[in-house]
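Structure first, commentary second.
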Amino acid sequence: MGAGRAHAVPLLRLLGGVDLRDARDAEAGERLLAQQKHVALLALLALPRARDGRPHHWRRDRLVGLLWPELSQERARNALSKALTQIRAALGADAIVTRGDEEVALAPDALSCDATLFQAEAEEGLLTRALERYRGELLPGLHVAGCAELGHWLDAERAELQATAAGAAWALARRFEGDGALTDAARIARRAVRIAWDDERALRRAMGMLARLGDRAGALRLYDEFARRLRAEYDAEPSPETLAAAAELRA
């Protein structure tokens, strides 16, 4: 055999679930993902790179405030150091870069992340590829008790990614409709609604598109799914505008 080939860049998947593929040390990767705060730290380091493609440096005091607010400064910094050591064990000794003593970041080639790839593809107009990558909500079910500020950060990231996915789906549905690919247009319109299921304006847009495409029954199924979920999760009824749109379709 020839010289060993370069190791594949690890892929961190955060959309619709959490997974780390091609870690330098698979067992270390499994241990890393077994702890919610370490998963959250990895997300904090990986996600902001989507803004300009460069590593985002975090101040250590900011990270410990997000992840270990209940600990003293000394103990919190020790916990952060241990977590960074676990990341290095999983991704390689050069995976974490520093700027001075107080700032840390992921090295540019240490990791690829499905969320950042998704954002880049959506911005470049690669809508089909982006939507294939968007498997669901960012870090579903991740909640770190006692870390309210981290929760706010995660909520904002989830909302931004969801809005990008819904916008990409609508743009693709309109593209298919304009090209006369009506089956694909209807399929992607339904996907757009399910990405942002509680957006009634989006629901009415999808119902209107399906009706234009001759699928009034499909439009009403979307409405019925929405109404059932709204009652189950919020004990609420659709808005008058949505009720009127459904009534018009039935008429």
Requested in this report: Find, to one decimal place in angstroms, the Kirkwood hydrodynamic radius of the range 95-193, where the mean of 1/r is taken over every pair of different Cα atoms and then inverted.
Outcome: 15.6 Å
Report summary line: For the range 28-117 the GluC sites (Glu not before Pro) that pass both the DSSP coil test and the at-most-15 other-Cβ-within-10 Å test are Glu70, Glu102
Query raised in the report: For the chain, what is the mean residue ellipticity at 222 nm derived from helices alone (per DSSP H run of n ≥ 4: -39500 (n - 2.57); sum divided by total residues; nearest 500 deg cm²/dmol)?
Result: -19500 deg cm²/dmol
Query raised in the report: Where the eigenvalues come from the Cα gyration tensor of the range 180-241, what are the semi-axes √(5λ) of the equivalent ellipsoid, largest first, in whole Å?
Result: 22, 11, 9
Query raised in the report: Label points 7 Å out from Cα along the Cβ direction at Thr128 and Arg216: separation in nm?
Result: 3.3 nm
Query raised in the report: Using a simple spin-label model with points 7 Å from Cα along the Cα→Cβ vector, what separation in nm is obtained for Asp25 and Val9?
Result: 2.3 nm
Query raised in the report: Tell me, what is the Rg over Rh of the chain, with Rh the Kirkwood radius over Cα pairs?
Result: 1.07
Query raised in the report: How big, on average over all directions, is the shadow cast by the Cα convex hull of the range 114-251, in nm²?
Result: 9.3 nm²
Query - Residues Leu71 and Asp224, FRET efficiency given R0 of 45 Å [Cβ-Cβ distance, rounded to 0.05] - result: 0.35
Query raised in the report: If you line up the Cα atoms of the range 70-126 on their principal axes, what length do they span on each, largest first, in Å?
Result: 46, 27, 22
Query - Gained length - Glu237 relative to Asp101, 0.36 nm times residue gap less alpha-carbon distance - result: 43.5 nm
Query raised in the report: What share of Cα pairs, in percent, lie more than 19 angstrom apart in the range 11-113?
Result: 38 percent
Query raised in the report: GluC sites (Glu not before Pro) within the range 114-178: which are DSSP loop residues with at most 10 other Cβ atoms inside 10 Å?
Result: Glu124
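Where a number appears in this text, it was derived from the coordinates with a stated rule and is not lab data. Nothing here was measured: the structure is a model prediction, and the numbers come from that model. Every residue, glycine as well, gets a Cβ built from its backbone with ideal geometry; the counts of neighbours run over all protein chains shown.
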